[in-house]
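Quick notes on the structure that follows.
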Amino acid sequence: MIGRGRFVGFAATAAVAVPLLAAAGSGLPGFGDYRGPYGDLADIAGVTLRHATNAVTALVFDLRAFDTLGEEFILFAAVSAVTLLLRDAETGPDVPDHPRRRGDAVRLFGRIFVPLLALFGITLALHGQVTPGGGFQGGATIGTALLLIWLTDGHAAFARIAREQPLEIMEVVGVGGYALVGLSSLAAGAPFLANLLPAGTPGDILSAGQVPVISVLVGLAVTGGFGVMFRKFLDALRRGIHGGEP
Amino acid sequence: MMPDLLLGLLFVMAAAGGAAVALNRKPHSQVYAMAFYGTALSLLFLALQGPDVALSEIVVGGAAVPALFLITIRAERALRRGRGEHQ
């Protein structure tokens, strides 16, 4: 199946690359044996100065908040591209729903676990500055809860809850609000996205200044983004099954 | 000793999952291999004390991305069936 020439090319490259990779790998420090100054400084800045007990979230939403804003725009662009490519899904004829009805046990499972999963996502987004998690993880969890509605309860139930307009508003408010947080720092005469809010008590939900604010906004943006994406894909799937052209 | 064993096992699982995705030729089984790979990576991140990335990986790599691929594969098959093409 694989062409002979391709295999020879692979073997020749691997003969050079594998020993080099092994040599490089043998010189790595062990796990937990950290030697750079950057991580230690980030720990001091995030935990000691900003009062976030989760150094990762302090890094992502404070020290490197500008990078995260860029990532938000990448997600926004990706979701916009999905919406653009699958735009026919919404202009297509409204096909009457005849769900292959899910079994009662499956539906019950969904009814129990979808709210729990959504609540867990909200918890993650709210407590990013205190415990592992944050807006992205929370939003992605809530988005996956929407997918679980489709899996356990069918397209009609999914479409009733995952409505496009509220999801799009969430996404726009999340991404735009994040940028506005940055601009508000500028308006106060500080650098873009400088953390000007009070640091609070470490371990409190309202600690670490702007970190929980950005975390919630990112949670909104990711929930909206994932929701719109799933909605577009599942609408397109439904049209495909009902014989519509792409 | 015990942590090393666990880490070794998780590394092997992640490597096997990645290889399974790359070597598989059928889109359907490839997607399931990908979900396994995402879950294995997530467990590895957790064992390496990175719960934040583990959470992201289990949701994105273990659930969302494989689901999008499954939906796409199914939609494509349904479309072809609709046009009367087979296979």
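The values are calculated or read from the model by the stated rules, or taken from the named source; none is laboratory data. Fair warning: this is a prediction, and the values are worked out from it, not measured in the lab. When we count neighbours, we look across all protein chains shown, and the Cβ atoms used for this are built from the backbone with ideal geometry, even at glycine. We work out accessible area using only protein heavy atoms, side chains counted, and drop any ligands, DNA or RNA first. Shrake-Rupley method; radii C 1.70, N 1.55, O 1.52, S 1.80 Å.
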**Report entry** Surrounding net charge for residue A:134, when Lys and Arg each add one and Asp and Glu each subtract one, Cβ distance under 15 Å
**Finding:** -4
Query - Table column - 3J(HN,Hα) (Hz), the range B:51-60, Karplus curve with 6.51, -1.76, 1.60, x for Gly and Pro - result: x, 4, 5, 4, 4, 4, 5, 5, 6, 7
Report task. Mind listing the long-range amide H neighbours of residue A:210? Cut-off is under 5 Å, sequence gap 5 or more, other chains count too, H placed in the peptide plane at 1.01 Å from N. Result -> A:196, A:197
Requested in this report: Label the range A:155-216 by shape, choosing from rounded, prolate and oblate, from the square roots a ≥ b ≥ c of the eigenvalues of the Cα gyration tensor; if a/c is under 1.5 it is rounded, and otherwise prolate applies when a/b is larger than b/c, oblate when it is not.
Outcome: oblate
Requested in this report: Label the range A:60-193 by shape, choosing from rounded, prolate and oblate, from the square roots a ≥ b ≥ c of the eigenvalues of the Cα gyration tensor; if a/c is under 1.5 it is rounded, and otherwise prolate applies when a/b is larger than b/c, oblate when it is not.
Outcome: oblate
Requested in this report: Please give the helix B:2-23 orientation as an angle from the longest Cα principal axis of chain B, in degrees from 0 to 90, rounded to the nearest 10.
Outcome: 20
Report summary line: Across A:128-140, the residue-averaged tally of Cβ atoms belonging to other chains within 10 Å stands at 3
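How big is Rg to Rh over the protein assembly as shown, alpha-carbon atoms, Rh as the Kirkwood inverse-mean-distance radius? Don't jump to the answer; show the numbers that get you there.
On the way: Rg = 22.8 Å, Rh = 22.4 Å.
Using Cα coordinates only, the ratio equals 1.02.
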Query raised in the report: What are the ³J(HN,Hα) values, in whole Hz, obtained from phi via the Karplus relation 6.51 cos²θ - 1.76 cosθ + 1.60 with θ = phi - 60°, for each residue of the range B:68-73 in sequence order, with x given for Gly and Pro?
Result: 4, 5, 4, 4, 5, 4
Report summary line: Of the convex hull drawn through the C-alpha atoms of the range B:11-87, the volume per residue in Å³ is 59
Query raised in the report: Once amide H atoms are placed 1.01 Å from N in the peptide plane, what residues at a sequence separation of 5 or more from residue A:86, or on another chain, have their amide H within under 5 Å of its amide H?
Result: none
Requested in this report: Could you pull out every residue, at least 5 positions away or on a different chain, whose amide H is within less than 5 Å of the one on residue A:50? Hs are placed 1.01 Å off N in the peptide plane, and Pro or chain starts have none.
Outcome: none
Query raised in the report: Could you give the accessible area per residue of the protein assembly as shown, probe 1.4 Å, as a whole number in Å²?
Result: 57
